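S.K.: Below you will find the structure I want to go over with you.
The values are calculated or read from the model by the stated rules, or taken from the named source; none is laboratory data. Not measured: the values here are computed from a predicted model. Note that each Cβ is placed from the backbone with ideal geometry, even for glycine, and that neighbours are counted across all protein chains shown.
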Amino acid sequence: MLDRSGLSKEEADAQWHALYKINNNLYRVANDLISNLYLTDEVDNILCWNNQEYNDLYKALKKKRLGEDEKAELEERMQEVKKTIDAHRKEILQRPAQSVAYSFVIDGEDREGLEKEILNTLKQNVFSHYKADSKEVRRGEKSISNYKKGMPIPFPINNKCVRLYEEEGTFFLQWYQNIRFILHFGRDASNNQLIVERCLGKSEDGITYKMCSSSIQLKAGKIFLLLVVDVPKESFKQKKGMVVGIDLGLNVPIYVATNQTPERKSIGERESFLNQRMAFQRRRKALQRLQLTRGGRGRSHKLAPLERLREAERNWVKAQNHLFSKEVIEFAKQVQASAINMERLTDFGKDETGNVKEDKKFILRNWSYFELQNLIEYKAKRANIKVRYINPAFTSQTCSECGQTGERDSIHFKCKNPECKNFGKDIHADYNGARNIAKSNDILKE
Ligand SMILES: [Zn+2]
């Protein structure tokens, strides 16, 4: 939270007034900018598709088996057509002087406190926002964004006017128009002070963050600083060739082991996981029954609770997967792994005939492994750990010690090779699987 304490009443009033003015105008500029981006795109589309030459070239370029020369020539002609379309569009879209963004962004005479830098940052933000949404907008899955009054006020940081600094243990943000804020961290549950210290290179751990364009937001009479920082890729010691294998188990959601050391860990509990999942299913079925018996009018009204329940279940599964994936990465760091091996799910649980076994089907249906693998992959990348997908065939029937085929039931694996260290022992089946996965060189995708 930002504060203006230590200022005279006049000064504080003047600053609040300045922020208030920005707040009143910024969202209008943002909406105008995004509408104009959309309009430009639309006009472009219309001009393209009404241009016979463009259409002909477009179709010609889509053809397969184009010769190199032929393709180059078509592309060159396409460039020419696009140039004419561009010129035509510019002619049509000359900005009217009464446009909001025009008066703020281009004209720039009376900017109502909208500093050039704020406007430029806003422009960039709106543009990348629009780009990110444009596919969905085109498909009709979304409408263009609508900015509301009270949207964050963006600005670049660390320049002539805007600066974060510390003085005798107090943190300040020097802002435009001579506005100076004091940073208050409150209860600071998310360690914001540490983040600011790192930004200033003053933290005890010696870690430094780079600050990026940030924003302040006016909310319920308070002012908040939304500081954006670049967190460097975390580094930890890695042993070359140390691989963690992840078994998507029958007995536990996840079992991890390594290819070199005896370390292992089971993550998640089967019973509590399944019980919760079954509870969701029961509630869903009860609701569906209710709907079937009632039927008739107001169906959409009655669908809402079912949709809400689905949403709750999705959120719960997602939260579980976040926890599981976090534990996997923690384990990998602890053993200093340089890679993680996972089974490729498209082949998961298939028997010799290519059919998925019943028990594995049950797991795939209930444990959302696809999402889990995505999360593990994402978090591994952030920690600089390679992720590889291996062929899951035989990982559960092979002895992870000697590599020979053995016997397994749902809990144990038994090696039948009298020469093997594991001979005659009951080996934890999930551990055996995880270790096989860690040792596997049958890599399908890296
Ligand atoms: Zn063996």
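S.K.: From the set of residues in the range 8-34 that are of a type in the set (S, T, Y) and part of a helix (DSSP H, G or I), which is surrounded by the fewest Cβ atoms within 10 Å (Cβ to Cβ)? Spell out how you get there, then give the answer.
M.R.: Step one: list which residues in the range 8-34 are of a type in the set (S, T, Y), which gives 8, 20, 27.
Narrowing the set further to residues that are part of a helix (DSSP H, G or I) leaves 20, 27.
On the way: Y20: 12, Y27: 17.
Going through the qualifying residues, I end up with Y20.
S.K.: Ok, one more. Out of K421, K414, K381, report the one residue that is basic (K, R), within 16 Å of the ligand (Cβ to nearest atom), modelled with pLDDT of 85 or more and not in a loop (DSSP other than H, G, I, E, B).
M.R.: Being basic (K, R), within 16 Å of the ligand (Cβ to nearest atom), modelled with pLDDT of 85 or more and not in a loop (DSSP other than H, G, I, E, B) holds for just one of K421, K414, K381, which is K414.
S.K.: Here is a further query. Note down all Cβ pairs under 6 Å where the first residue falls in the range 421-435 and is touching a residue at least 12 places away in the same chain (Cβ under 8 Å), the second is charged (D, E, K, R) and within 9 Å of the ligand (Cβ to nearest atom), and they're at least six residues apart or on different chains.
M.R.: K421/E401; N422/E401
S.K.: Follow-up question, since we're still on this one. Quick one: what pairs do we get from the range 35-61, first residue exposed (fewer than 14 other Cβ atoms within 10 Å of the Cβ), second assigned to a helix (DSSP H, G or I), C-beta under 6 Å, 6+ apart or different chains?
M.R.: Note: pairs meeting the criteria are E53/V81.
S.K.: Next question. What tally of residues in the range 236-272 results from selecting those that are buried (at least 18 other Cβ atoms within 10 Å of the Cβ), of a type in the set (F, W, Y) and modelled with pLDDT under 90?
M.R.: Qualifying residue count, the range 236-272: 0.
S.K.: Still on this model: With (1) under 22 Å from S338 (Cα atoms); (2) touching a Lys or Arg at 6+ places or on another chain (Cβ under 7 Å); (3) at pLDDT below 90 as the list, and Q397 as the residue in question, which single condition is left unmet?
M.R.: Among (1) under 22 Å from S338 (Cα atoms); (2) touching a Lys or Arg at 6+ places or on another chain (Cβ under 7 Å); (3) at pLDDT below 90, Q397 violates only (1).
S.K.: Given the conditions (1) at pLDDT below 85; (2) of a type outside the set (F, W, Y); (3) in contact with a Leu (Cβ under 9 Å, 6 or more places away or on another chain), report the number of the one that R163 does not fulfil.
M.R.: (1)
S.K.: Yes or no: E76 exposed (fewer than 12 other Cβ atoms within 10 Å of the Cβ) and within 27 Å of T121 (Cα to Cα)?
M.R.: It is false that E76 is exposed (fewer than 12 other Cβ atoms within 10 Å of the Cβ) and within 27 Å of T121 (Cα to Cα).
S.K.: When the residues of the range 398-411 are narrowed to those that are over 18 Å from L248 (Cβ atoms) and outside any loop (DSSP other than H, G, I, E, B), which ends up farthest from the ligand (Cβ to nearest atom)?
M.R.: Within the range 398-411, the match that is farthest from the ligand (Cβ to nearest atom) is E407.
S.K.: Another question about this same structure. On the given criteria, is T395 near the ligand (Cβ under 10 Å from one of its atoms), in the same structural domain as V335 (by TED's automatic domain parsing) and of a type outside the set (A, V, I, L, M, F, W, C)?
M.R.: No; evaluated as a whole, the condition is false for this residue.
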